[in-house]
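Starting off with a structure, shown below.
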Amino acid sequence: MLDMQHISKVYRTELVETHALRDLNLTVAEGEFVAVTGPSGSGKTTFLNIAGLLESADGGHYRLDGVDVGSLGDDARARIRNQKIGFIFQGFNLIPDLDVFDNVDVPLRYRGFAARERRARIERALELVGLAARQRHLPSQLSGGQQQRVAIARAIAGEPRFLLADEPTGNLDSLMARQIMDLLGEINRSGTTIVLVTHDPELARRAHRNIHVMDGEVTDLKPFAPRPAGAPVAVA
Amino acid sequence: MDIRPILSALLRNRTGAVLVGVQVAITLAVIANAFFVIAKRLELVHRPSGNDSANLIFVQSEGYGPEYQHVATMRADLALLRALPGVVAAAPSSSVPESDGGSSSGYLTSPDPKAPVTNANVMEVDPAFLDAYGLKLVAGRKFRPEEYVAEPANNDLPPLVMISESMAKRLYGDAPAVGRPVYDNGGKQGTIIGVVSDMLGSWPRNVRPGPYDIVYHATGGLGRSWRYVVRARLGERDRLIPEIEKRLNEIGNGRAVTWVRPHDFWLLRTFRPDRRMIVFLTTLVVMMTSVTALGIVGLATFHVNARRKQIGTRRALGARRADIVHYFLIENGLLSLAGIVTGALLAWAASGWLASAFQTPPLPAGYVGLAALALLVLGQLAVLWPARRAGAIEPAVATRTL
Ligand SMILES: Nc1ncnc2c1ncn2[C@@H]1O[C@H](COP(=O)(O)OP(=O)(O)OP(=O)(O)O)[C@@H](O)[C@H]1O
Ligand SMILES: [Mg+2]
């Protein structure tokens, strides 16, 4: 599903060069739920941005779903983000001027779906996250946990193969965080590959596999362990 | 495309949008009316003279001494002018066309003094005037030399007149005017012997008499002051002007040449207010549209900066650069359209008020349409720059900005 070889990323400002990633190697199989941990500034977000085609690597090879994405143009990358990848952000990133329904609609419109199909997908996604009754609420009228559930609905409404989440529970209390993790687990069980960045080892333990990043490199590849609940896992 | 969510987002951020919309509306109302006035003034300035204006010279002579003999001096002057190399033709002419100065008189088609009166510009000329002005005989015949009365006893209607085509139409419509009578308001009768191609008379802006309504009398004047029209060969006009002044002054006889001027002198003077109005209104249009364009750039730039994270998020969710640019073009298009509709109503109201207060003609819809189109195009061009900056926002902004 995801195959990164010798990925590097350097940020240059006038004063300093930051090697955010150096020689990062990682493969993620279809259906996996991977948690990425690491200290602040270790390059987790940079890794996730490159994985989600929000940024390009400076060196190395990245194949996503068999496609060498390093050579693609801007529009082609946008299409892959739109169709294959779902994003969940720490700050939810809902559009404040649009209601819940329209927020979930955003990527579907870029996808070019017809109105009827969009409506069906939006209703299904909101149903799944338990917010079917809040379609016409504005983000400011929802709690943090509810907002993140809307963001999750937005990420999965297009049925992406691959879900990326950067500290999705970082702004939530532990109860809400657990609800979000339950939701992600459920989504993973339905076949979606998930890569989750988190500070919280408690949450990381709920994934199939933990990856520790330090100074832009994967330091500690824990073996692929069966999930405790014994639920079925799809591995490609 | 995606108009509804753009509109609902716009309606949730009304303040700036309303200000710019009002600006567009006021600009539309002003420039639609300005376009109309400019078009009318341009038409006035560029209306065909009908004569050989570029080659015409006008001369004024003033008798002052006791020895001055009007008829003899005129005869000598005309002989001299006609013999000058570079002169095509010359004739006496009581007034200068398009100079805003001249005389007019009322004409009737019936001796009944209660019959409708048609006003016309009266020009006293001699039989050479068609060549001197560069006019064409349209119907009938020209004055014969023996029909010219150098010293008429009074200002009454002479027995034979020539009239312009426009005047013929006013008096007799489409029926032939040659051979038909005209009367003055004292019941005195004259006969129309010829119809002359139209030229602008003394008052190019007037409604009564109409600008092309002229009656030509083959008479000399009663006073000591007189004018000639001289038609120069192409390229000879400016050389002839000082020459004419010098040669006529040599004839002397108790008179002075008060001026010798090209026809342009009066055209410039008569149409100066119109030209000034055109320049003023054009400047106003440019300034107002520039300020509106700046307002649009300012609002769009503000929106782009305030929505950086949102734009990055949209890019992360799959928007192409073009989708982001389109978003701002559509947003501005909606805003402009709302302003334009308001402005069109405003323009109509303003024009209606002007029409009733100053008897100006009502604003034709075409000018509102033209102004609307101009503003829409200008607005989209203005928003293009901030919109492209929005399109350049990186998708990584979604994860890097809090
Ligand atoms: N746009 C940028 N320009 C310059 N340096 C950057 C930029 N983005 C990230 N960095 C630097 O790259 C390094 C890795 O940053 P990254 O955001 O990937 O860390 P992180 O592991 O996500 O940290 P955190 O846990 O605090 O979110 C850091 O040193 C950071 O300062
Ligand atoms: Mg981070």
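The values are calculated or read from the model by the stated rules, or taken from the named source; none is laboratory data. Note that this is a predicted model, so its numbers are computed, not measured. Please note: Cβ atoms are built from the backbone with ideal geometry, for glycine as well, and neighbour counts cover all protein chains shown. These area figures cover heavy atoms from the full protein model, side chains too; ligands, DNA and RNA do not enter into them. Shrake-Rupley method; radii C 1.70, N 1.55, O 1.52, S 1.80 Å.
Looking at A:Leu108, is it of a type in the set (A, V, I, L, M), outside any helix (DSSP H, G or I) and surrounded by 19 or more Cβ atoms within 10 Å (Cβ to Cβ)?
Working: of a type in the set (A, V, I, L, M): yes; outside any helix (DSSP H, G or I): no; surrounded by 19 or more Cβ atoms within 10 Å (Cβ to Cβ): yes.
No.
Given the conditions (1) open to solvent by 10 Å² or more (accessible area, probe 1.4 Å); (2) within 14 Å of another protein chain (Cβ to nearest Cβ); (3) among the charged types (D, E, K, R), which single one is not true for A:Glu127?
Just one mismatch for A:Glu127, condition (2).
Considering only residues that are out of contact with any helix residue (DSSP H, G or I) (no Cβ under 9 Å at 6 or more places or on another chain), open to solvent by 10 Å² or more (accessible area, probe 1.4 Å) and within 25 Å of A:Ala207 (Cα to Cα), look in the stretch A:44-69 and name the one that is nearest to ligand 2 (Cβ to nearest atom).
This residue is A:Lys44.
Sticking with this one: Output the number of the condition that B:Arg208 fails; it satisfies all remaining conditions of (1) touching a residue at least 40 places away in the same chain (Cβ under 8 Å); (2) more than 30 Å from B:Pro273 (Cβ to Cβ); (3) among the basic types (Lys, Arg).
Just one mismatch for B:Arg208, condition (2).
For the stretch B:212-262, which residues satisfy the criterion of being hydrophobic (A, V, I, L, M, F, W, C) and over 29 Å from the mean Cα position of the chain (by Cα)? Lay out the reasoning, then the answer.
Of the stretch B:212-262, the ones hydrophobic (A, V, I, L, M, F, W, C) are B:214-215, B:218, B:222, B:226, B:229-230, B:232, B:234, B:240-241, B:244, B:248, B:251, B:256-257, B:259-260.
Those that are hydrophobic (A, V, I, L, M, F, W, C) and over 29 Å from the mean Cα position of the chain (by Cα): B:Ala218, B:Leu222, B:Trp226, B:Leu240, B:Ile244, B:Leu248, B:Ile251, B:Ala256, B:Val257.
Right, next: Just to be sure I understand the filter: pairs with C-beta atoms under 6 Å, separated by 6 or more residues or on different chains, first member in the stretch A:161-178 and open to solvent by 20 Å² or more (accessible area, probe 1.4 Å), second member away from ligand 2 (no atom under 16 Å from the Cβ). Which pairs pass?
A:Arg161/A:Lys84; A:Asn171/A:Gly144; A:Leu172/A:Gly144; A:Leu172/A:Gly145; A:Met176/A:Gly145
Being in a helix (DSSP H, G or I) and within 16 Å of ligand 1 (Cβ to nearest atom), is that true of even one residue in the stretch A:35-45?
Taking the stretch A:35-45 as the starting set, the residues that turn out to be in a helix (DSSP H, G or I) are A:44-45.
Subset that is within 16 Å of ligand 1 (Cβ to nearest atom): A:44-45.
For the stretch A:35-45, residues in a helix (DSSP H, G or I) and within 16 Å of ligand 1 (Cβ to nearest atom): present.
Please verify whether A:Leu72 is surrounded by fewer than 24 Cβ atoms within 10 Å (Cβ to Cβ) and within 16 Å of ligand 2 (Cβ to nearest atom), treating the condition exactly as stated. Reasoning before the result, please.
Values: surrounded by fewer than 24 Cβ atoms within 10 Å (Cβ to Cβ): yes; within 16 Å of ligand 2 (Cβ to nearest atom): no.
Considered against the rule, which asks whether it is surrounded by fewer than 24 Cβ atoms within 10 Å (Cβ to Cβ) and within 16 Å of ligand 2 (Cβ to nearest atom), A:Leu72 comes out as no.
Is it the case that B:Arg321 is more than 8 Å from chain A (Cβ to nearest Cβ) and either surrounded by 15 or more Cβ atoms within 10 Å (Cβ to Cβ) or touching a residue at least 60 places away in the same chain (Cβ under 8 Å) (or both)?
Working: more than 8 Å from chain A (Cβ to nearest Cβ): no; either surrounded by 15 or more Cβ atoms within 10 Å (Cβ to Cβ) or touching a residue at least 60 places away in the same chain (Cβ under 8 Å) (or both): yes.
No; evaluated as a whole, the condition is false for this residue.
Residue pairs, Cβ under 7 Å, 6 or more apart or interchain, first in the stretch B:324-339 and in contact (Cβ under 8 Å) with a residue 40 or more places away in the chain, second open to solvent by 20 Å² or more (accessible area, probe 1.4 Å) and not in a helix (DSSP H, G or I). List them.
B:His326/B:Met1; B:Ile330/B:Met1
Which is open to solvent by less than 10 Å² (accessible area, probe 1.4 Å) and either more than 16 Å from ligand 2 (Cβ to nearest atom) or not in a helix (DSSP H, G or I) (or both), of B:Gly352, B:Gly379?
Details: B:Gly352 fails: open to solvent by less than 10 Å² (accessible area, probe 1.4 Å).
On inspection, the qualifying residue turns out to be B:Gly379.
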